[in-house]
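What follows is a single structure, written as structure tokens, with notes after it.
The values are calculated or read from the model by the stated rules, or taken from the named source; none is laboratory data. If you're wondering where the values come from, they're calculated on a predicted model, not measured in any experiment. Cβ atoms come from the backbone with ideal geometry, glycine included; neighbour counts cover every protein chain shown.
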Amino acid sequence: MNQLGLTSILMFVGISWGLTAPLSKIAVSTGHHYLGLLGWQIIVMILSLGLVQIIRRKRLPLNLACFWRYFLVAQLGTILPNSIMYKAYFHLQSGVMSILVSVVPMIAFLLVLFLKMEKFELRRCLGVLFGILAIILIVFPKFELGSTGEVGWIFLALCSPFCYAIEGVWINKIGLAQLDPIEVILGASIFGLVALFPIVLINGYWISPFSTWGPAEFAVTSSSLIHSLIYISYIWLIGKAGVVFASQVSYIYTASGIGFSIILLGEGYSAFVWSAVILMLMGLMMVRPSNQLSLD
């Protein structure tokens, strides 16, 4: 595929990913419990990815090595970060969440540096510093206005990208065994549903798909389908164009997440938040991988 085609796919992935931010905000706005929304999301992903697996006529690998990876991705890539995100969306603007989630590559770089998986690079460390300054710009005005409760939710929301970063670094270290990305996410979703379903059912958090569908149900279903599609597309893009090119999706995600939040939710942002956006985009540009790597 030529450069124009790859760039088009990159734009598609980034813009689609950004759309999930306001959709998640809509999903939590009607009073559904965040665990019920998460259960709904996992079921949609199982159905969509399961259909892809059937079309490919492939069985889901079932052995100890695969089970370990399913469990890891289920906990660190789905249950913990998504529970935190849905809970935080109740209290924070969708655009602010788009900025906070985009710090994943910065946290990942600090982790691989701590684990001595990569060497120190001044450029990337400066990028992390820009990301920290961006978060400070978001948090500082809240202290000035006495909104300390919102500050707490900002720091809680940062636990979500921390989970994603740990997942990414861990999977990078141990590999995917014989699994491909679709199988990893499908297996992890099944594991996640098994762990979450009893909790959701016993506590009455279950959202019936047979009840009247409103904005929340349509939003969480659309967001889940988009997540399935963009993850597959993103992994394919890494394999075709390399991780350096694919990592630029973070810039598009942050910009489109804020743009869609303004269009769909009517959100407005202070000068501090817009300054944070600029710093975060500069930080992402500096912290992205320095070598052109691709997947086999």
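Quick notes on this structure:
- Every listed requirement among (1) within 25 Å of L137 (Cα to Cα); (2) modelled with pLDDT under 90 is met by V52 save one, (1).
- Residue ID - nearest to P161 (Cα to Cα), chosen from residues in region 32-62 that are free of Cβ contacts under 8 Å to residues at least 24 places away in the same chain and not basic (K, R): L47
- Every residue from region 55-82 that is surrounded by fewer than 18 Cβ atoms within 10 Å (Cβ to Cβ) and either basic (K, R) or under 18 Å from the mean Cα position of the chain (by Cα) (or both): R56, R57, K58, R59, F71
- Flag if S250 is outside any loop (DSSP other than H, G, I, E, B) and in contact with an Asp or Glu (Cβ under 8 Å, 6 or more places away or on another chain): no
- Any hit, region 141-149, residues being in a helix (DSSP H, G or I) and aliphatic (A, V, I, L, M): no
- Residues satisfying the stated conditions in region 178-226, i.e. part of a helix (DSSP H, G or I), more than 18 Å from the chain's Cα centre (by Cα) and either free of Cβ contacts under 8 Å to residues at least 12 places away in the same chain or more than 30 Å from K58 (Cβ to Cβ) (or both): V194, P198, I199, L201, I202, P215, A216, E217, F218
- Answer from G214, G259, G266 - the residue that is surrounded by fewer than 21 Cβ atoms within 10 Å (Cβ to Cβ), at pLDDT 80 or above, on the phi > 0 side of the Ramachandran plot and not aromatic (F, W, Y): G266
- Matching residues in region 87-96 - criterion: being of a type outside the set (G, A, S) and either surrounded by 23 or more Cβ atoms within 10 Å (Cβ to Cβ) or within 27 Å of G175 (Cβ to Cβ) (or both): Y89, V96
- Any hit, region 148-162, residues being farther than 30 Å from A219 by Cα and surrounded by fewer than 17 Cβ atoms within 10 Å (Cβ to Cβ): no
- Taken as a whole, the condition of being closer than 22 Å to L196 by Cβ, of a type in the set (V, I, T) and either modelled with pLDDT of 90 or more or assigned to a helix (DSSP H, G or I) (or both) applies to I46.
- Criterion (aliphatic (A, V, I, L, M) and at pLDDT below 85) met by exactly one of L133, L137, L115, L92: L115
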